[in-house]
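What follows is a single structure, written as structure tokens, with notes after it.
The values are calculated or read from the model by the stated rules, or taken from the named source; none is laboratory data. What you are looking at is a predicted structure, and each value in this text was computed from that prediction instead of being measured. Note: ideal-geometry Cβ built from the backbone for every residue, glycine included; neighbour counts use all protein chains shown.
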Amino acid sequence: MPVIHYSSMVEVDAGLFTVAVFLDVAWAEKGLNALKQAGFAPEILTILGKEGPEVAGLITRALGADGERLEVTGLGAVLARGPLVKALQGASHDLGKKGIAGTMRRVGFQPHDSRIFETLAGRGGVLVSIRSEPRAADALAILHSYGGGNAAIGAWTGRV
């Protein structure tokens, strides 16, 4: 997807990401299973959570590969895998320096949403994202149905 540069110099990926933070690994796994049953492919899913064996197992089971270990400001050591990670890293690979709160604007989320995602993940929540432009509303409904906290769709026109 192309990157759009707005006059404010904020980079926004033209694709939509639907994001939620689940209370823990068990709830995240239920939500991820529902997304897969609804036809969302593993390659469009992102999982990010504080480093630990439960999060590592979840990433492997849900995405079929190991998570990448990252040091992220505001969270500490996390395991993550998926397209949202690449979008948040940006060309300067600064997810680690700026944290979730400092990088979610790249995918169309307002600063208050970004801080909520970071706070919930910092409390041990598991962030799940779907790159789902054609089915963003479907993804949002599933995330809400399975307890995804602060579930929202980024990159809506006029939101950045």
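Which one of these does His93 not meet: (1) closer than 15 Å to Asp24 by Cα; (2) of a type outside the set (Gly, Ala, Ser); (3) in a loop (DSSP other than H, G, I, E, B)?
Against the list (1) closer than 15 Å to Asp24 by Cα; (2) of a type outside the set (Gly, Ala, Ser); (3) in a loop (DSSP other than H, G, I, E, B), His93 comes up short only on (1).
Which of the residues belonging to region 67-98 are within 16 Å of Val126 (Cβ to Cβ), surrounded by fewer than 19 Cβ atoms within 10 Å (Cβ to Cβ) and of a type outside the set (A, V, I, L, M)?
Glu68, Arg69, Gly74, Gly76
Sort through Arg105, Arg131 and tell me the only one that's among the charged types (D, E, K, R), under 13 Å from the mean Cα position of the chain (by Cα), under 23 Å from Trp27 (Cβ atoms) and crowded, with 18+ Cβ neighbours inside 10 Å. Before the answer, list the steps.
Working: Arg105 fails: under 23 Å from Trp27 (Cβ atoms).
Residue meeting the stated conditions: Arg131.
Regarding Ala121, is this residue surrounded by 16 or more Cβ atoms within 10 Å (Cβ to Cβ), in contact with a helix residue (DSSP H, G or I) (Cβ under 8 Å, 6 or more places away or on another chain) and at pLDDT 95 or above?
yes
May I ask you to list pairs of residues, at least six apart or on different chains, whose Cβ atoms are under 9 Å apart, with the first in region 17-36 being under 11 Å from Gly147 (Cα atoms) and at pLDDT below 95 and the second being crowded, with 20+ Cβ neighbours inside 10 Å and acidic (Asp, Glu)?
Once the first residue is under 11 Å from Gly147 (Cα atoms) and at pLDDT below 95 and sits in region 17-36, no partner that is crowded, with 20+ Cβ neighbours inside 10 Å and acidic (Asp, Glu) comes close enough.
Please tell me if Leu95 is modelled with pLDDT of 95 or more and touching a strand residue (DSSP E or B) at 6+ places or on another chain (Cβ under 9 Å).
For Leu95, the condition - modelled with pLDDT of 95 or more and touching a strand residue (DSSP E or B) at 6+ places or on another chain (Cβ under 9 Å) - is not met.
Answer yes or no as to whether Ser145 is of a type in the set (S, T, N, Q), touching a residue at least 60 places away in the same chain (Cβ under 8 Å) and surrounded by 22 or more Cβ atoms within 10 Å (Cβ to Cβ).
no
Since Gly31 meets every condition but one in (1) more than 14 Å from the chain's Cα centre (by Cα); (2) small (Gly, Ala, Ser); (3) farther than 28 Å from Lys97 by Cα; (4) buried (at least 21 other Cβ atoms within 10 Å of the Cβ), which condition does it not meet?
So Gly31 meets the others, but not (1).
Report yes if some residue within region 67-87 is free of Cβ contacts under 8 Å to residues at least 24 places away in the same chain, in contact with a helix residue (DSSP H, G or I) (Cβ under 9 Å, 6 or more places away or on another chain) and outside any helix (DSSP H, G or I); otherwise report no.
yes
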